[in-house]
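What follows is a set of notes on a single structure, which appears directly below.
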Amino acid sequence: MPAEVSMKVACQEQLLPGATLQEKWEFAVAAGYQAIELRGRGDLSFRDRLPELRKAQADGVVMPTVCVDMLHFFGAFDPDLRADALTQLKSQLSVIAELGGLGAQTPASYGMFSRRLPPFEPPRDEAGDREVLLDGLRQLGEHAATEGVELFLEPLNRYEDHMVNRLEQAVELIQEVGLDSVRIGIDSYHMNIEEADPSAAIVAAAPYIGHVQLSDSNRLQPGAGHLDWAAFLGALDAVGYDRYLAVECRLSGDPAEAVRSIPAVVRRYV
């Protein structure tokens, strides 16, 4: 491991105690975090937060990324929902760009369909899925490039998304899109389910990884499950990942103490 820490730890805003981003930031810094990851809801609500976000930024809050928090996504079956998701994501990319951030993370879908649960066959075939995914990624990638930020495509586990589950699937789509502004946002929880060897998957996909989210094998805070953090974080270190590790998890025990414990767990391995 290098003597100087390169990866920085961020915490999603809803996990931090405090009524304002400034109060959350004060707690985060004291606990050992370097940034707050924002959440972007639908109905252009993230854009409507711009006055709050600008004020927080002026007060020193570091907010490099936003993770979508919506009810439908750009891979939706319904064309109107799909169009709305694209509108929301483009707006979120513009807002995070205005804040000088890195980009926005989104899955292709969440809870829309699973081939592992009845009725097993989705209403759209694989060719249709691919067409929708490539169209959405191109639109979002072009918008991200214009804004000077990146879109992070997050593979989810097979029970939450039927289209993009593994890093290699995301890489193949990104290669087809051909835009440097589209990268992978990996999530340790989903990789724990889908990747036979998470460390090897990180190494194979390294040129395309733009963002990392952390939670343990049971979706709780790092250290509360059985994920091999030495191997996972060691692989990121080995490929030279030097961006943020954003905590996205549920919490067990006292919430504030759980959040406070996470940076120390991560720092054991980076």
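The values are calculated or read from the model by the stated rules, or taken from the named source; none is laboratory data. Since we're looking at a predicted model, the values are computed, not measured. Positions of Cβ are backbone-derived with ideal geometry, glycine not excepted, and every protein chain shown enters the neighbour counts. These accessible areas exclude ligands, DNA and RNA; they are computed on the full protein's heavy atoms, side chains included. Shrake-Rupley method; radii C 1.70, N 1.55, O 1.52, S 1.80 Å.
Which pairs do you get when a residue that is among the small types (Gly, Ala, Ser), found in segment 81-93, comes within reach of a residue that is part of a helix (DSSP H, G or I) and surrounded by fewer than 24 Cβ atoms within 10 Å (Cβ to Cβ), reach meaning Cβ atoms under 7 angstrom, with the pair 6+ apart or on two chains?
From residues that are among the small types (Gly, Ala, Ser), the pairs are Ser91/Arg47.
From the list Gln92, Gln14, which residue is modelled with pLDDT of 95 or more, in contact with a strand residue (DSSP E or B) (Cβ under 7 Å, 6 or more places away or on another chain), open to solvent by 60 Å² or more (accessible area, probe 1.4 Å) and of a type outside the set (D, E, K, R)?
Of the residues listed, the single one that is modelled with pLDDT of 95 or more, in contact with a strand residue (DSSP E or B) (Cβ under 7 Å, 6 or more places away or on another chain), open to solvent by 60 Å² or more (accessible area, probe 1.4 Å) and of a type outside the set (D, E, K, R) is Gln14.
Tell me which residues, restricted to segment 247-270, are closer than 11 Å to Ser215 by Cβ and touching a Gly at 6+ places or on another chain (Cβ under 9 Å).
Within segment 247-270, just Ile262 meets the criteria.
From the residues in segment 30-58 that are open to solvent by 90 Å² or more (accessible area, probe 1.4 Å) and under 22 Å from Ala83 (Cβ atoms), which one is nearest to the chain's Cα centre (by Cα)?
Per the criteria, the residue is Arg41.
From the residues in segment 106-163 that are under 18 Å from the mean Cα position of the chain (by Cα) and polar (S, T, N, Q), which one is surrounded by the most Cβ atoms within 10 Å (Cβ to Cβ)?
Thr106
Could you tell me which numbered condition Glu23 fails, if it satisfies all but one of (1) surrounded by fewer than 18 Cβ atoms within 10 Å (Cβ to Cβ); (2) touching a strand residue (DSSP E or B) at 6+ places or on another chain (Cβ under 9 Å)?
With respect to (1) surrounded by fewer than 18 Cβ atoms within 10 Å (Cβ to Cβ); (2) touching a strand residue (DSSP E or B) at 6+ places or on another chain (Cβ under 9 Å), Glu23 is out only on (2).
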